[in-house]
Amino acid sequence: MKNIAVLGSSGSIGASTLDVVRRFPGSFQVVALAVNSDIDSLYKQIKEFKPQNVCVRDECKARLLAKKIPSSVKIYCGEIGLEELVKDKSIDQVVFAVSGAAALGPLISAIKSGKDIALANKEALVMAGQIIMRLALKHKVNILPIDSEQSAIWQALLGQDQASIRSIYLTASGGPFRNVSKRKLNSVTINNVLHHPRWKMGKKITVDSATLMNKGLEILEAMFLFNVEVNKIKVLIHPEALIHSMIEFVDGVVMAQLSATDMRIPIQYALAYPKRLANQLPRIDFYSLKQLHFAKPNYNKFPCLGLAYQAARQLGCLPAVLNAANEVSVEKFLKGSIKFMTIPKVVEKVMCKHRNLANPSLSDIMQADAWARQEAYNVVGRLG
Ligand code: MG
């Protein structure tokens, strides 16, 4: 029996994680849950999964919840609360299904307390990948990816020599605007963006998928998780999203990982690793598949991808700056304050202004993050 904490349990990955747990009552137990502010979902989850500890980031909502649930359930609140909750002795593995830079503190806290990590959050790793991976090595903690592409690379690498990687093909569905002209991208609406053709996800990642920043963040994620150089990572548009990524080895052999587009599949593997558990999840029907398509990404239409490569080449604090400027731009886009194509403009302007630092400490990274957020607000003010 593995005891699991699910951070971000009211979101899409959180709900899928709980569904995996529900399917294997003899293998996994939920001992802690955390949400931002959605206490209605959390209340139902507490009734069903009976965790000992929960965390609500919004302190007013935490007080409201306290009136409704048994006093035997301990409630933590705020960001500090989340850093405390992950240290609890009963937890074996922490699922990071929260989005954004806010995951960084709790992630470091969980690694330092020796918990295995199932990681869906990208932003923390993008910001401080080298520090996080060093820390995980020091504390003998596994960081098991949930993101479908990283899960694919991880699985294709099992039993292989990491030094024999020639290239990683990071596949991308291409998002909802794969076939939309650059001119038309100027006038796409929030509703156009939030309708993703392959995956149903949270709002932040859905916008990132439309700008291809999501793939950009995954370049950085893959570099850090698998310790590969940026020039070995190639983005490959694959609209069917059945091949979740591939590795080409030095001898010309390619290992690909395929499965139906259902996030419960990589989640289940990260929870059950090294076991494979038989399930009733969707399958690929190869007999009904006519074709699989592949294409080069269009860097002109999707400048975020080039910006992410730039951050991946220069490293230092630049990935954190890219991420922070992107988080602010996406938030502003979702509020209707800026246009879709202004997102990469803001990120680029903030990156250009940044004076980079080699081998930054965690506090250097936090400072760069705060600086980039402020700078992004300023740029949005000027452009908006
Ligand atoms: Mg992905």
Most positive-pole-ward Cα, Asn323, Val347, Leu383, against dipole of the range 316-384 from beta carbon charges: Leu383
Select from the range 18-92 those GluC sites (Glu not before Pro) which occupy a DSSP coil region and have at most 13 other Cβ atoms within 10 Å, ordered by residue number. none
If every Lys and Arg gets +1 and every Asp and Glu gets -1 at its Cβ, then about the Cα centre the range 122-260 yields a dipole, in debye to the nearest 20, of 540
Residue-averaged 222 nm ellipticity for the chain, from DSSP H runs of 4+ at -39500 (n - 2.57), nearest 500: -14000 deg cm²/dmol
Counting DSSP beta bridges in the chain, what percent are antiparallel, to the nearest 5? 25
Longest to shortest principal axis, alpha-carbon extents of the range 171-301, angstrom: 47, 36, 30
Values of log10 I(q)/I(0), in the order q = 0.11, 0.22 Å⁻¹, for the range 253-384 under a Debye, Cα-only, solvent-free model: -0.63, -1.13
Counting only DSSP loop positions in the range 319-384, the trypsin sites (Lys or Arg not before Pro) whose Cβ has at most 10 other Cβ atoms within 10 Å are Lys335, Arg355
Return a whole-number percent for the relative contact order of the chain, with Cα pairs under 8 Å and 6 or more residues apart as the contact set. 14
Solvent-accessible heavy-atom area per residue, rounded to whole Å², over the chain at 1.4 Å: 45
Applying 1/(1 + (r/R0)^6) with R0 = 41 Å to the Cβ-Cβ distance of Lys50 and Asn356, what FRET efficiency is obtained, to the nearest 0.05? 0.30
Of Pro51, Val253, Leu242, which is farthest towards the positive pole of the chain's charge dipole, taken about the Cα centre with +1 and -1 on the beta-carbons of Lys, Arg and Asp, Glu respectively? Leu242
Checked the range 81-206 against the a/c 1.5 cut and the a/b vs b/c comparison, axes a ≥ b ≥ c from its Cα gyration tensor; verdict oblate
If you place +1 on the Cβ of every Lys and Arg, -1 on the Cβ of every Asp and Glu, and leave all else neutral, what size is the dipole of the chain about its Cα centre, to the nearest 20 Debye? 720
Restraint check, Lys89/Lys138; Lys44/Lys67; Lys234/Lys339; Lys301/Lys332; Lys44/Lys122, Cα-Cα greater than 22 Å: Lys234/Lys339; Lys44/Lys122
If you average 1/r over every pair of different alpha-carbon atoms in the range 1-83 and take one over that average, what Kirkwood value in Å do you get? 12.5
Can you give the relative contact order of the range 2-145 as a percent, counting alpha carbon pairs under 8 Å and 6+ residues apart? 22
Do any trypsin sites (Lys or Arg not before Pro) in the range 90-185 lie in a loop, going by DSSP, with at most 16 other beta-carbon atoms within 10 Å of their beta carbon, and if so which? Lys140
Computed magnitude of the charge dipole of the range 113-189 (debye, nearest 20; Cβ of K, R +1, Cβ of D, E -1): 340
At 15 Å minimum axial length over the Cα atoms and a Kyte-Doolittle cut of 0.5, report the qualifying DSSP H helices in the chain, or say none. 123-138, 213-226, 318-334
What figure, in Å² to the nearest 10, do you get for the accessible area of Met263 with a 1.4 Å probe and non-protein molecules left out? 40
Kirkwood Rh, Cα atoms: Rg over Rh of the chain: 0.95
Tail weight of P(r) past 18 Å, computed on alpha-carbon pairs of the range 2-145, percent: 50
Compute the length gained on full extension between Asp364 and Leu334: take 0.36 nm times their separation in residues and subtract their Cα-Cα distance, giving the result in nm to one decimal. 7.9 nm
With r as the distance between the Cβ atoms of Gln280 and Ser181 and R0 = 51 Å, compute the FRET efficiency 1/(1 + (r/R0)^6) and round to 0.05. 0.75
Given labels modelled 7 Å from the Cα in the Cβ direction, how far is it in nm from Glu79 to Asn300? 4.1
How much of the pair distance distribution for the range 38-80 lies past 11 Å, counting alpha-carbon pairs only, in percent? 61
So the compactness index of the range 316-384, its C-alpha Rg divided by 2.2 N^0.38 Å, takes the value 1.06
Just the accessible area for Tyr76, please: 1.4 Å probe, Å², rounded to the nearest 10? 30
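The values are calculated or read from the model by the stated rules, or taken from the named source; none is laboratory data. Computed from a predicted structure; not experimentally measured. So basically every Cβ, Gly included, is an ideal-geometry build from the backbone, and we count neighbours across all protein chains shown. Surface accessibility is based on the protein's heavy atoms, side chains included, excluding ligands, DNA and RNA. Shrake-Rupley method; radii C 1.70, N 1.55, O 1.52, S 1.80 Å.
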